[in-house]
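K.L.:
Sharing a structure here in structure tokens format.
The values are calculated or read from the model by the stated rules, or taken from the named source; none is laboratory data. Since we're looking at a predicted model, the values are computed, not measured. Because the Cβ atoms are built from the backbone with ideal geometry, glycine has one as well, and the counts that use them run over all protein chains shown. Each accessible area value is taken on the protein alone, full model and side chains, heavy atoms only, with ligands, DNA and RNA left out. Shrake-Rupley method; radii C 1.70, N 1.55, O 1.52, S 1.80 Å.
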Amino acid sequence: MTQFSDLGLAEPLLRAVEGEGYTNPTPIQAAVIPTVLEQRDIIGIAQTGTGKTAAFVLPVLSRIHAMELTPPRRGCTALILAPTRELAAQIAESIRIYGKHMKPAVAVVVGGVKHNPQIKAMAPGVDVLVATPGRLLDHMDTGTIRLDGTSVIVLDEGDQMLDLGFVPAIRKVMAALPKKRQTMLFSATMPGPIKALAQDFLSNPAEVAVAAVSKPIDRIEQRVIHMPHAEKRDRLAELMADPDMERSIVFTRTKRGADRVAEGLVKVGFGAAAIHGNKSQNQRERALRDFKQGKTTILVATDIAARGIDIDDVSHVFNFELPNIPEAYVHRIGRTARAGRSGVAISFCDGTERQYLRDIERLTGITIAAEGEPQPFEKPPVPGANRQPRNPNQKQGRAGGQRKEGGAPSTRKPRRRKPRPASSAR
Ligand code: AMP
């Protein structure tokens with residue numbers, strides 16, 4: 001079995017890895033780390049939970065250590081782009097952990113917080129900048145961040161970048177980087193526009209793939225319970241009383257739904273908090289911290305808020321509402337059964353969600369063990385019904401589901417036609 005010491009990492013990083021108690025590299029680490037150290041471009045097809053953050057953070061830090069490069073003022077040696085603030089914060093945390101014996105200068109530049117502290121942090125230049133695309137572009141426009149001295153760029157969670165409409169922003173960022181650089185792209189799936197991005201910006205990349213995204217890990221016990229929507233809240237509270245329940249994440253399709261479910265659980269005495277895009281950065285960070293520290297044992301989340309979040313020891317995932325995008329089911333249940341443990345995923349299915357269940361079973365190739373009577377079939381609400389008209393001035397990148405990037409045809413096309421329940425229906 002490959003050892004960390006076989007991979008060519010600098011000594012301070014090996015010490016940090018040992019300090020973290022990692023005995024062996026994960027498959028993606030064993031494949032990616034030596035390739036990055038050879039300075040090749042990389043396409044990594046991997047989900048969170050595979051150890052992919054360390055797969056790029058360790059060799060990037062190792063290269064910075066070996067090169068002894070001084071970052072340019074207002075610039076960075078390595079740039080890591082992430083789709084959400086939470087993921088950016090988590091990557092920065094990993095950099096601090098793995099870099100603890102080399103103390104790299106790290107800055108995080110994300111939306112939803114003030115510009116000034118970010119300008120100050122960037123002024124002397126940093127070894128690693130972790131950023132979300134929208135805010136990074138703002139700084140590039142005002143000249144408070146420059147990328148002409150950046151040697152390494154990592155794009156993390158490419159498919160989520162696409163879902164959030166960030167591809168045009170990424171293209172602008174890539175255009176501002178020097179031609180001579182190392183580029184890495186990580187994504188759980190490779191939809192057309194992400195492939196096109198790789199073709200346009202990566203040079204002779206090595207491709208590394210681990211665990212197909214459509215196959216949820218075998219260690220997760222999956223169940224679906226059929227019931228009317230009105231019974232879901234009581235049923236959830238009943239199941240939460242199970243003594244095996246250590247920590248659970250409950251998924252809803254809408255932000256309002258997440259708030260209601262969390263409030264309902266708190267009312268009957270459970271420690272629960274909701275995270276979603278309408279919460280302030282502080283609220284989201286607090287909810288995550290409390291959950292990680294065990295102050296609350298239930299996190300209620302929407303898909304976007306939860307993706308990429310890395311919390312070990314989640315014993316149960318509940319789909320209070322099934323996702324209308326089947327891949328989201330795989331991402332959701334992948335929050336449990338991490339680091340070799342097992343986990344339970346329980347999904348509630350009402351009459352409007354039976355089509356979603358069928359889509360999930362088709363994607364995963366699994367018939368999920370079912371309890372209860374399937375509810376009378378109801379068509380999910382027609383897309384666009386009860387929706388507010390789109391604000392034409394809405395900022396690119398904030399409206400979920402925008403997938404209008406040009407280039408190769410998207411492999412996800414059919415999903416766009418799927419009915420999407422309007423949030424006001426719940
Ligand atoms: P990621 O795929 O980056 O979200 O990582 C998932 C989890 O695996 C994180 O909690 C890491 O701390 C942990 N991890 C990463 N690499 C290793 C390793 N080689 N051995 C054990 N755990 C690891």
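K.L.:
Within the stretch 338-362, work out how many residues are open to solvent by 50 Å² or more (accessible area, probe 1.4 Å) and at pLDDT below 90.
P.N.:
5
K.L.:
When the stretch 60-105 is examined, which residues are found to be of a type in the set (S, T, Y), touching a helix residue (DSSP H, G or I) at 6+ places or on another chain (Cβ under 6 Å) and open to solvent by 10 Å² or more (accessible area, probe 1.4 Å)?
P.N.:
Within the stretch 60-105, S94, Y98 qualify.
K.L.:
Let me ask you something else. Please work out which residue is modelled with the highest pLDDT, limiting yourself to the stretch 1-32 and to residues that are hydroxyl-bearing (S, T, Y) and within 11 Å of the ligand (Cβ to nearest atom).
P.N.:
The qualifying residue modelled with the highest pLDDT is T26.
K.L.:
When you look at V261, is it within 20 Å of N324 (Cα to Cα) and open to solvent by less than 40 Å² (accessible area, probe 1.4 Å), yes or no?
P.N.:
For V261, the condition - within 20 Å of N324 (Cα to Cα) and open to solvent by less than 40 Å² (accessible area, probe 1.4 Å) - is met.
K.L.:
Regarding the stretch 171-179, can at least one residue be identified that is outside any helix (DSSP H, G or I), without any contact (Cβ under 8 Å) to a residue 24 or more places away in the chain and closer than 24 Å to L69 by Cβ?
P.N.:
Yes.
K.L.:
Also, quick follow-up: Can you run down the residue pairs with Cβ atoms below 8 Å, 6 or more apart or on separate chains, where the first is in the stretch 83-104 and not assigned by TED's automatic domain parsing to the domain that holds M161 and the partner is assigned to a loop (DSSP other than H, G, I, E, B) and within 12 Å of the ligand (Cβ to nearest atom)?
P.N.:
none
K.L.:
Just give me the residues in the stretch 285-307 being open to solvent by 20 Å² or more (accessible area, probe 1.4 Å) and either outside any loop (DSSP other than H, G, I, E, B) or among the aromatic types (F, W, Y) (or both), in sequence order.
P.N.:
Within the stretch 285-307, E285, R286, L288, R289, D290, K292, D303, I304 qualify.
K.L.:
In the stretch 12-32, what residues are more than 13 Å from K100 (Cβ to Cβ) and either open to solvent by less than 30 Å² (accessible area, probe 1.4 Å) or not polar (S, T, N, Q) (or both)?
P.N.:
G21, Y22, P25, P27, I28, Q29, A30, A31, V32
K.L.:
Within the stretch 33-59, track down each residue that is hydrophobic (A, V, I, L, M, F, W, C), open to solvent by less than 10 Å² (accessible area, probe 1.4 Å) and more than 11 Å from the ligand (Cβ to nearest atom).
P.N.:
To start, the set of residues in the stretch 33-59 that are hydrophobic (A, V, I, L, M, F, W, C) comprises 33, 36-37, 42-43, 45-46, 54-58.
Those still in the list that are open to solvent by less than 10 Å² (accessible area, probe 1.4 Å) too: 33, 36, 42, 46, 54-58.
Correct list: V36, I42.
K.L.:
I'd like to check something: does the stretch 23-33 contain any residue that is polar (S, T, N, Q), assigned by TED's automatic domain parsing to the domain that holds D156, under 22 Å from A198 (Cβ atoms) and touching a residue at least 60 places away in the same chain (Cβ under 8 Å)?
P.N.:
Looking through the stretch 23-33, none of the residues is polar (S, T, N, Q), assigned by TED's automatic domain parsing to the domain that holds D156, under 22 Å from A198 (Cβ atoms) and touching a residue at least 60 places away in the same chain (Cβ under 8 Å).
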